[in-house]
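Input: a single structure, listed below in structure tokens.
The values are calculated or read from the model by the stated rules, or taken from the named source; none is laboratory data. None of these values were measured; they are calculated from a predicted model. Glycine also receives a Cβ, built like all others from the backbone with ideal geometry; neighbour counts cover every protein chain displayed.
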Amino acid sequence: MNKTIIININSIVFHIEEDAYDMLRTYMIDIKKHFGHSVDSKEILLDIENRIAEMFTDKIQSGKKEVINSQDVEEVITQMGRVSDFEMDEDTAGAQAEQAAAADTTFQVGKKLMRDSDDKVLGGVCAGLGHYFGIESRWVRLLFALLFLFAGTGILFYVILWIIMPLAVTRVDKMEMRGEAPNIQNFKKNFEEEMGSIRENFSGAGANVNRGVRSAGNVIGNILIVFVKIIGLLFAFSIGLTLLGLLIAVIVMALGVSSINNDGIIEGFNFISQKDTPWAFIAAGLSTAIPLIGIFYLIIRILFNRRPMNNYLAVGLLVIFLVSAGASTYYTAEVARDFKERSIITQEQAIGEFDTYYLRLNNSREIKVSDNVDKKNTIRLNFKNNDLMKVRMDDISINFEQIDSLAKPYIKYEYAAKGKNYKVATLRASNIDYKTAIDSNQIAFDSHFDLLNEELYRDQEVTITLFIPVGKKIVLDNSIRWKVRNVPFDTCYPEDSYDIKQTVWKMTERGINCAIMPVVLDEEIEETETGDVIISEHNDTRIKIDSSGISIQTNKNK
């Protein structure tokens, strides 16, 4: 049985056979003789020892053994290369180089995707990708810049790759990143290149630097580090709040609630079908949240010197991000495609001939006050439509056009909608349900229209045009004012008096014009205080406030 010896390489203990130890000792003596003449040899010798320790560890783990034998040492020496391989004579360099290259190909290693710390602008991602794919790093940086400018995704991919890709720290890491075999010849070459670069960078610098300048620089550097950490913490905190808000928004919107409109009504998210709504919001939330999580973790990692994210977790997040981004892109493209064509359906309705027409808006979403049998005011929700699950839209515009004084008046309705083709757009326009109540010369337009058959929102709108003979009068209730488009209201309202209930207009050959300018009278307001009782009277309303509460009385016969 061979005698075994315990050795320590790079703080790792190995059991090695005696003949294998002699072979390794001779090899290390040759290396130290070759590099010993240089004062900078300590670093390269340490790298070679570290590499040998890694290779011995791999052999023990892969071979499931405890002792290094001479065959293991011979394989390591062959892979690392002998000193004689690059101490060749000039005349025999060609033949021996071919032999060494043939030996190297047996142990050629593939490139590893790592960040290059020597050629970095931010995190070394672009330089690492350049080494991996065999292209210059500037072209990779240009590609990321174009992705950021035109697609908006460059910064997201950069941050994700920054988290996933490890940093090439040691010389072995840098050699594997460039696809170079980690042997002593390449160690020497890389070391000489690094030393040459250092000498070049510092060739113009002075040999002695004033200690006071260095101290001041350190103080400024520490202040900048503290400032950057504070900014980073604030940024991380804002990202955390954004993630929390995004989570709440996704939960709420996935339940079918998108917004509250100007009328105070909660509306459903009806851009896409009801069954796809939760998935669309989850995809949008994940595709937004995962890059934010990556940035958040990167900030924490930089500020507190944390370890990189677990590779399995990072790859899993990347896959989820790509899937959710693809789903979001799909839903967005489908919705955008459904706005391609526009169709308009026209309908006309005759109205009676009168000297004056009274127009108002019938607010079908209004909260009204009604009296019960005890004459006490009670607030009731008075929705005109029976099915509250219908989507109600308020994109309605009302216009006026003059016709000959002998022509008969009428109303023209235009129902417009969009779709992926003209047929679908026409079908959507036909699903617009809008009502107008006409009683003699009283015309009440609904404030909203319904979308039937669970129709999706595709820019539906209703345009109403009243064709009124020249010479007829029109009384517009103030409620309809915000729906009318071609009436010059500023010509029929006294200055700062927009609370007038009605305005009177006349149809002329040039269009509709103000017929009677309203007169604003001073309102009579009476307010008295009697002890703890306050009574306020305003026109037909009387408000009484005392210890028992608030009492509001109205005189409808006044």
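Tabulated results
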quantity: Single unsatisfied condition, Leu298 versus (1) crowded, with 16+ Cβ neighbours inside 10 Å; (2) modelled with pLDDT of 80 or more; calculated: (2)
quantity: Yes/no for Pro278 being within 25 Å of Leu234 (Cα to Cα) and out of contact with any Gly (no Cβ under 6 Å at 6 or more places or on another chain); calculated: no
quantity: Selection within the stretch 93-119 - part of a loop (DSSP other than H, G, I, E, B), surrounded by fewer than 12 Cβ atoms within 10 Å (Cβ to Cβ) and either modelled with pLDDT of 50 or more or of a type in the set (A, V, I, L, M, F, W, C) (or both); calculated: Gly110, Asp118
quantity: Members of the stretch 398-440 that are of a type in the set (D, E, K, R) and over 21 Å from Ala350 (Cα atoms); calculated: Lys418, Lys420, Lys423, Arg428
quantity: Where a residue in the stretch 132-150 is closer than 18 Å to Trp162 by Cβ and its partner, wherever it lies, is charged (D, E, K, R) and modelled with pLDDT of 75 or more, with Cβ under 6 Å and at least six apart; calculated: Tyr132/Lys111; Ser137/Asp119
quantity: Residue within the stretch 61-81 that is under 23 Å from Asp173 (Cα atoms), in a helix (DSSP H, G or I) and among the charged types (D, E, K, R) present; calculated: yes
quantity: Residues of the stretch 120-137 satisfying the condition of being part of a loop (DSSP other than H, G, I, E, B) and either modelled with pLDDT of 80 or more or more than 20 Å from Leu298 (Cα to Cα) (or both); calculated: Gly124, Gly134, Ile135, Glu136
quantity: Tabulated pairs, the stretch 280-301, first more than 14 Å from Val319 (Cβ to Cβ) and in contact (Cβ under 8 Å) with a residue 12 or more places away in the chain, second of a type in the set (Ser, Thr, Tyr) and assigned to a helix (DSSP H, G or I), C-beta under 7 angstrom, 6+ apart or interchain; calculated: Ala280/Tyr331; Ala284/Ser328; Leu292/Thr242
quantity: Enumeration of residues in the stretch 483-509 that are without any contact (Cβ under 8 Å) to a residue 60 or more places away in the chain, within 23 Å of Ser405 (Cα to Cα) and outside any strand (DSSP E or B); calculated: Pro488
quantity: Qualifying positions in the stretch 398-435 - surrounded by fewer than 15 Cβ atoms within 10 Å (Cβ to Cβ) and within 23 Å of Ile512 (Cα to Cα); calculated: Glu401, Asp404, Ser405, Leu406, Ala407, Lys408, Tyr410
quantity: Hits in the stretch 511-526 - residues which are of a type outside the set (A, V, I, L, M) and either assigned to a strand (DSSP E or B) or at pLDDT 90 or above (or both); calculated: Gly511, Asn513, Cys514, Glu526
quantity: Residue, farthest from Leu45 (Cα to Cα), within the stretch 11-35, restricted to residues that are in a strand (DSSP E or B) and in contact (Cβ under 8 Å) with a residue 12 or more places away in the chain; calculated: Glu17
quantity: Qualifying residue in the stretch 464-482 (condition: surrounded by 17 or more Cβ atoms within 10 Å (Cβ to Cβ), touching a strand residue (DSSP E or B) at 6+ places or on another chain (Cβ under 7 Å), at pLDDT below 90 and assigned to a strand (DSSP E or B)); calculated: no
quantity: Asp496 being assigned by TED's automatic domain parsing to the domain that holds Arg360, among the acidic types (Asp, Glu) and either closer than 30 Å to Ser343 by Cβ or at pLDDT 90 or above (or both); calculated: no
